[in-house]
Structures are given as structure tokens and as C-alpha cells.
Amino acid sequence: MIILKNFSKFFTYLGQIMAFLTIIMLGLIYLNQALPVKFLGEFATQLEAIKDYAVILTITVCGLGFACRRSLFLFIPFCLLAICALACYSIVLFKV
């Protein structure tokens, strides 16, 4: 249990940093789409490609921080669900 509590702090801090960076990325993407001058150029298409992954991973990391604080019986199913969600999204995205 102590190991999971230490991981909880790590996932909490990592989730906060990822959320901050994801919001900045989304703001740049939406600002680039709203303005008549496309200031991001080709970089905008790269940001669009990682946008959905960034949101899914941010939510997953924040959820892992929450699950670590509770119990192992919540942590393991949450990890399995997160892996399934990411795998299903990849299958849909790449049409494997």
C-alpha cells in the first residue's frame, strides 16, 4: 500500500503537468483554427494528430493518481480499463 501511495503523488504531479500542457496545446489548435492567419503552419497538423492521445493519457494519469490512493482492487481494474480504452482508440484510429 505504501508503494501505491508514493505512486499516487507521482501520478498526481504528472497529471497536473500533462493537463497544463494539454490545455495549452488545445488552446493553440483552436486559436489557429479561429484566426484567418494560420500561424502554426505545418505544426498544426502534427498537433492535431497527438491531440486525442494527449487528452486520453492526461485523463488516464489523473485517474491512476486517484486509484492509487484507494486500494489495489481499484487500481488493477482501472489499469486494465485504461489499456483497453487506449487500444480500442488505436484500433479505430488506424483501422487495424
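The values are calculated or read from the model by the stated rules, or taken from the named source; none is laboratory data. Since the structure is predicted, the reported quantities are computational estimates derived from the model, not experimental observations. All Cβ positions, even for glycine, are placed from backbone atoms using ideal geometry, and neighbour counts span all protein chains on display. Ligands, DNA and RNA are excluded from the accessible area calculation, which covers all protein heavy atoms including side chains. Shrake-Rupley method; radii C 1.70, N 1.55, O 1.52, S 1.80 Å.
Remarks
- Test: residue in segment 48-61 that is over 28 Å from TYR30 (Cα atoms) and of a type outside the set (Gly, Ala, Ser): no
- Of all residues in segment 41-96, those that are open to solvent by 50 Å² or more (accessible area, probe 1.4 Å), assigned to a helix (DSSP H, G or I) and farther than 16 Å from THR22 by Cα total 21.
- Scope segment 17-53; condition over 23 Å from TYR89 (Cα atoms) and in contact (Cβ under 8 Å) with a residue 12 or more places away in the chain; matching residues: LEU28, ASN32, LEU40
- Filter pass, SER8 being free of Cβ contacts under 8 Å to residues at least 12 places away in the same chain and of a type in the set (Ser, Thr, Tyr): no
- Just one of the listed residues (GLY27, GLY15) is surrounded by 11 or more Cβ atoms within 10 Å (Cβ to Cβ) and at pLDDT 85 or above, and it is GLY15.
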